[in-house]
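Q: Next up is a structure, given as structure tokens.
Every number here is computed from the coordinates shown, using simple stated rules; none is lab data. Note that the structure is predicted; figures quoted are calculated from it, not measured. Cβ: placed from backbone, ideal geometry, glycine included. Neighbour counts: every protein chain shown.
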Amino acid sequence: MINVLAALRWTVITALCLLLLSPVLKSLKTEIKKPLVVIAKDVSSSMGNKTANTQDINVDLEALSKELSTDFEVVSLSFGESVRPGLVDSFQDRISDISLVLDEIHNQYQDQNLGSVILATDGIYNTGSNPVYGAQQLNVPCFSIAYGDTIPRKDLILKRVFNNELVFLNNSFDIQIDMTAFNCSSQSTKLTVQKIGAGNSTVFSTSVSINNKDFFKTFTATLKADVPGVQHYRISLTSVSGEATTVNNTKDIYVNVIDGRQKILLLADAPNPDLSAIRQALGDNLNYIIDLKYAADYSGIGTGYDLVILHGLPSSSHQINSLIDGLNKAKTPRWFILSGGMDLSTFNRLQNVMTIDGDGRTQNEAQAFLQSNFELFTFDPQLIGYTEQFPPLSSPFGNYKLSGNSKALMNQRIGNIETNYPLFAFGDFDGVKTAVLAGEKLWKWRLFDFLQHNNHNAINEIIDKTVQYLTVKTDKRPFRVISEKTVFQENETIKLDAELYNASYELINTPDVSLMIRNEQGKEYPFNFSRIGRYYELDAGYFPPGSYSFKALTNYNGAQLKVDGKFEIQAIQLEAFESTANHGLLRAMAQLSGGKTVMPDQVATLANEIKKQASMKPVLYQSNVTQPFIFLKWIFGILLLILTAEWFLRRYYGSY
């Protein structure tokens, strides 16, 4: 018995010692993967408009899926605006994107045993890339069930409308309108553009005579942006006798008219090539109106301008004290550009960005190098490297010192020495933003930029970002509601943010904030903002097309604060502008991929066609599986059983 007990103890200890050496068990795992068939159903509204019995589609596809599932793995998808699992019953998607579902299939199943793809669609797509390319990248047969009618019906269609979404007040803008007509020869229609609002005034109209069976024509309507805000325009064609549908005879567009052009005074002591460089850099931005004047001919005080750029001023002949006083009273931003012959003592007195101890008659050649701690605005990282290669500017000789809380964008590199003298700096004192460029010959930067990069992107961005920072108006309201846009598509959710500031201008979100949205008929939709961090956030969901106003309310320190606003919901009409099924596209996809296109009454034949495909073969997957012995629970069960047996024997024979 002692030998038996010793053997049991030896077995356990030996096993434990071996397990401490971390032995592993290698095995070969074999798995058979059935071929995968993906059935994708188009659920855009064009399918519902053109299919006689939409309920039969799901019945046919489910029967096909059931038959295929005996031999293959079957996955069903629905697509339109997005891709969803399963076969959706309704046809309500406002967009057809066939390439989207093909890309989804490629991304999800390219590493699996994908055998065939079946598309149930009318072949119409109005967004995304050409589906032929998506079918080719799958490298499997693509079968199609071709729904809809390929015979053009009698129809007038507003095919496309091109317009600027943003225009400036009192500017003219064009709307380009493309119309087509099928089987309407020898008939006429009237194209009108209406401004929707009080009175619904007609701003453009023309008669159109249709002279052939397949008619296409482009029209241009030139309109005037005479009222600020989001303007709603409705473009329409009068119907003709026997027209199949009039849904695609009307299209609504929205144009945001901005009354926000910035007026900039470029005031110089004398003619200088820098003036042309600045004007050219800002000239492409329609948001700026630039007036170039010389100090000898200008007697104003700068009122009516959003920014005044002072080149070479103040000088010995033009002190501009009255101008600076006027700018200070109006809190108008200003940008000083220093040049030779400036009166530096007067300059030091007229601004609080930097001081220069010098006489202004001697110049240094100062090259720019950017400061990494500058945070007022940012540049394209690629352009930062370009900037430090620019030729040196001519800067006044002297000792430079930044004042107060001013920040330097660039310092001076004189020769090979990087100094702490500011070259380009910004300050904000008593709510007045000021910039100082301590050097002239910006025109050299512009020429060098074009010589090196064949464009003016770097110098244009420096000047544009400077002007943008100086002219942007700080919103000091204690309560604000912020929206990324004023015109939403009907498939977008309405998301708003709100901010509340205390007397120290710190963000808080202690009180509740409510929002009331009202449509054109006066129906109200109440909401409450949620607290996110120190902000407020609201997702109001989807709204039908139309014009809406809103009012946000909160109570803080015994006072009621409110914000009013408006937004527009634009209908997505893409599905209405294509009335003829595109079976040619489906046949092209099938031919290039080795598949086949069938009509709806031939769906039952697809199962046999798919089974014939060479790609529909099961795949044997083998993999080596390595598993440490210590993870095998049955080993510990055996060891526990041995230890239990040893304990029992010792107790039984009295040798424990």
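Q: Could you name the aspartates and glutamates in cross-link range of Lys596, using Cα to Cα under 14 Å and dropping any fewer than eight places away on the same chain?
A: Glu609
Q: How far is the Cα center of the range 396-449 from the Cα center of the range 176-232, in Å?
A: Here the answer is 54 Å between Cα centres.
Q: Near Lys213, which lysines are there with a Cα under 27 Å away, not counting those fewer than 8 places off in the same chain?
A: Cross-link targets: Lys50, Lys154, Lys159, Lys190, Lys251.
Q: How do Ile105, Ile642 rank when sorted from fewest to most other Cβ atoms within 10 Å of their own Cβ?
A: Ile642, Ile105
Q: Still on this structure, please answer the following. Multiply the residue gap between Phe648 and Asp214 by 0.36 nm, knock off their C-alpha separation, and tell me the result in nm, one decimal place.
A: Length gained between Phe648 and Asp214: 146.4 nm.
Q: Of all DSSP beta bridges in the chain, what percent run antiparallel (nearest 5)?
A: Bridges in the chain are about 70 percent antiparallel.
Q: Let me confirm the definition first: pairs of Lys residues in the range 458-570, 8 or more apart or on different chains, C-alpha distance under 29 Å. How many are there?
A: Within the range 458-570, the lysine pair count is 28.
Q: Which value at 222 nm does the chain reach when only helices count, each DSSP H run of 4 or more adding -39,500 (n - 2.57), with the total divided by all residues and rounded to the nearest 500 deg cm²/dmol?
A: -7500 deg cm²/dmol
Q: Still on this structure, I have one more. With a 10 Å radius around each residue's Cβ, average the other Cβ atoms per peptide and rank 549-560, 628-639, highest first.
A: Packing proxy ranking, top to bottom: 549-560, 628-639.
Q: Could you pull out every residue, at least 5 positions away or on a different chain, whose amide H is within less than 5 Å of the one on Asn171? Hs are placed 1.01 Å off N in the peptide plane, and Pro or chain starts have none.
A: Those qualifying (amide H under 5 Å, at least 5 residues apart or on another chain) are Ala225.
Q: Fully extended, how many nm does the chain gain between Asp291 and Gln560 (0.36 nm per residue separation, minus their Cα-Cα distance)?
A: 92.5 nm
Q: Please order Thr206, Thr250, Thr387 by the number of other Cβ within 10 Å, starting at the fewest.
A: Thr206, Thr250, Thr387
Q: Take the alpha carbon gyration tensor of the chain, find the square roots of its eigenvalues, order them as a ≥ b ≥ c, and report rounded if a/c is under 1.5; if not, report prolate when a/b exceeds b/c, else oblate.
A: Oblate, since a/c reaches 1.5 and b/c is not below a/b.
Q: If you fit an axis through the alpha-carbon atoms of helix 273-283 and take the longest principal axis of the Cα set of the chain, what angle between them do you get, 0 to 90°, nearest 10?
A: So the inclination is approximately 40 degrees.
Q: Ok, one more. How charged is the neighbourhood of Asp226? Take every other residue with its Cβ under 15 Å from the Cβ of Asp226, and add Lys/Arg as +1 and Asp/Glu as -1.
A: +2
Q: Each residue of the range 286-292 in turn: what ³J(HN,Hα) in whole Hz from Karplus with 6.51, -1.76, 1.60 and θ = phi - 60°, glycine and Pro shown as x?
A: 5, 7, 10, 10, 10, 10, 9
Q: Can I ask one more? How large is ³J(HN,Hα) for each residue in the range 178-183, as worked out from phi by the Karplus curve 6.51 cos²θ - 1.76 cosθ + 1.60 (θ = phi - 60°), to whole Hz, x for Gly and Pro?
A: Once rounded to whole Hz, the list reads 9, 10, 10, 9, 10, 6.
Q: Then there is this: List every residue whose amide H lies under 5 Å from the amide H of Ile196, counting only residues 5 or more places away in sequence or on a different chain, with H placed 1.01 Å from N in the peptide plane.
A: Counting only residues 5 or more places away or on other chains, the set is His232, Tyr233, Arg234.
Q: Hey, got the dipole for the range 382-489? About the Cα centre, +1 on K and R Cβ, -1 on D and E Cβ, debye to the nearest 20?
A: That gives a dipole near 280 debye.
Q: Would you mind putting 144-150, 413-419 in packing order, based on average other-beta-carbon counts within 10 Å, highest first?
A: Packing proxy ranking, top to bottom: 144-150, 413-419.
Q: Moving on to the next point. Roughly what % antiparallel, to the nearest 5, for the DSSP beta bridges in the range 1-127?
A: In the range 1-127, DSSP labels about 20 percent of beta bridges as antiparallel.
Q: Continuing with the same structure: Quick one: which residues, 5 or more positions from Gln489 or on another chain, have an amide H under 5 Å from its amide H? H modelled 1.01 Å from N in the peptide plane, none for Pro or chain starts.
A: Gln570
Q: Students often check this: by mean Cβ neighbours within 10 Å, which of 365-373, 15-23 ranks highest, and how do the rest follow?
A: Result, highest mean first: 365-373, 15-23.
Q: Taking R0 as 22 Å, what's the FRET efficiency between Asn107 and Glu492 from their Cβ-Cβ distance, rounded to 0.05?
A: After rounding, the FRET efficiency stands at 0.35.
Q: Below 8 Å between Cα atoms, with a sequence gap of 6+, how large is the relative contact order for the chain in percent?
A: RCO, the chain: 16 percent.
Q: What are the aspartates and glutamates whose alpha-carbon lies under 14 Å from the alpha-carbon of Lys33, with same-chain residues fewer than 8 places away excluded?
A: Answer for Lys33, where 14 Å is the Cα cut-off: Asp71, Glu73, Asp111, listed by chain and number.
Q: Indicate the gyration tensor shape class of the range 168-245 (rounded, prolate or oblate), computed on the Cα atoms with a ≥ b ≥ c the square roots of the eigenvalues: a/c under 1.5 is rounded; otherwise a/b larger than b/c is prolate and the rest oblate.
A: Judged from the Cα gyration tensor, the range 168-245 comes out prolate (a/c at least 1.5, a/b above b/c).
Q: Where in the range 386-400 does the label zone of Asn416 land, with the point 7 angstrom along Cα→C-beta and an amide N cut-off under 20 Å?
A: So the set is 388-393.
Q: Quick one: 3J(HN,Hα) in Hz for the range 560-569, Karplus 6.51/-1.76/1.60 with θ = phi - 60°, rounded, Gly and Pro as x.
A: Each residue's phi maps through the Karplus curve to give 8, 10, 9, 9, 9, x, 9, 8, 10, 10 Hz.
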